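Colleague: Please read through the structure below; I'll follow up with questions.
The values are calculated or read from the model by the stated rules, or taken from the named source; none is laboratory data. No experiment lies behind these values; they were computed from the predicted model shown. A quick note on method: Cβ atoms are made from the backbone with ideal geometry, for glycine too, and the neighbour counts reach across all protein chains shown. In case anyone asks, the SASA skips ligands and DNA or RNA and just uses the protein heavy atoms, side chains included. Shrake-Rupley method; radii C 1.70, N 1.55, O 1.52, S 1.80 Å.
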Amino acid sequence: MKRPTELVKDEATMHTLLVLTSAFEGIASTHLAHIKNEVLKSNVFFEDLWQVYSKLRVDEIFHFGRGENKKAVDKELYILITAEGGFSGDVDQRLIQFLTESYDQTKNDIIVIGKHGIQLLQQRNIPYVKFYNLPIKDLNLNVGPLVKDIQRYELTSVFYPKYITLSDQKVSRIKLSAFVQELGGSIKVNEDVISEFNYIFEPSIYEVVNHLEESMLYVAISQIILDSKLAQYASRFRSMSAAKLVAIKASSNLYIQYRHSLRSLQDERLKETINSLRKIRPKV
């Protein structure tokens, strides 16, 4: 059995771990609240864009704002969104496994968001064409360079961890054009008429439609990244909560061991004292 002084040190270490896990748990919880609020704001902006766009477009195809005459790369772009570091539970590992099930180097290019994704791809010898850091901030994401990359491709699929609940995060794949259509499909379009008969479009109605598509692409990509970060924070919150419970249990066990060790030491000293008294006790 360890000595009481050693157990006191172990308990102090476990208390430090308990404080750290509680702090990280609180940070993750705060980020979750901020991101949910930001998503609600972006939904309002997207609805305003869709109200105009749905009345101007001439077909049902989403052209990603690149215009009809620009030739796109005849490959499907895969965008992989992972954590910036390895502090994300097992969700990134599951995400890579999900991506490899459909990946074909001759048909797909990969853009990675988050350094952890690069590490996992390199372990499997899977190439990627470009890398972006996962945005540190949860507000005002700059996705402009990524949007320009997306516009070069005919099709784009995004692989990301999707937030379901605080205890459930699933890996998901979504085609970007379908995602935009899905966002727009839930919006009730008002009956106002917008056309060249009652509005002037400069330089042309087609350029306005392209601009609206590009703006909605900004919103869609931002929302997917936020959803990904939401899932990562939820996974982190869950991991820290589990670690916190382990630390509490370990700290409790260490305290019990300390009390037993202290009692054993006191009993041992008491025995030594009694034996010493017996040795010096005069014989009758």
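Colleague: Rounded to the nearest 0.05, what FRET efficiency do Asn253 and Asp90 have when you use their Cβ-Cβ distance and R0 = 22 Å?
Modeller: 0.25
Colleague: Related question: In terms of solvent-accessible area of protein heavy atoms at a 1.4 angstrom probe, what is the ranking of Glu272, Glu84, Glu213, highest value first?
Modeller: Glu272, Glu84, Glu213
Colleague: In whole percent, how big is the carbon plus sulfur part of the accessible area of segment 75-123, probe 1.4 Å, protein atoms only?
Modeller: Here carbon and sulfur together make up 47 percent of the probe-accessible area.
Colleague: Starting from 0.36 nm per residue, how many nanometres of slack lie between Ile61 and Arg263 once their C-alpha separation is accounted for?
Modeller: 64.9 nm
Colleague: What distance in nm separates the simple spin-label points at Val189 and Lys137, each placed 7 Å from Cα in the Cβ direction?
Modeller: For Val189 paired with Lys137, the spin-label model returns 3.4 nm.
Colleague: Separate question: Could you calculate the FRET efficiency of Val246 with Thr273 from 1/(1 + (r/R0)^6), where r is the beta carbon distance between them and R0 is 35 Å, rounded to 0.05?
Modeller: With R0 = 35 Å, the Cβ-Cβ based efficiency is 0.30.
Colleague: Please sort 220-230, 103-113 by packing, taking for each peptide the average over its residues of neighbouring beta carbons within 10 angstrom, highest first.
Modeller: Top to bottom by mean Cβ count within 10 Å: 220-230, 103-113.
Colleague: Want the number for Lys71 to Thr100: 0.36 nm per residue separation, take away the alpha-carbon distance, what's left?
Modeller: Full extension from Lys71 to Thr100 adds 7.7 nm.
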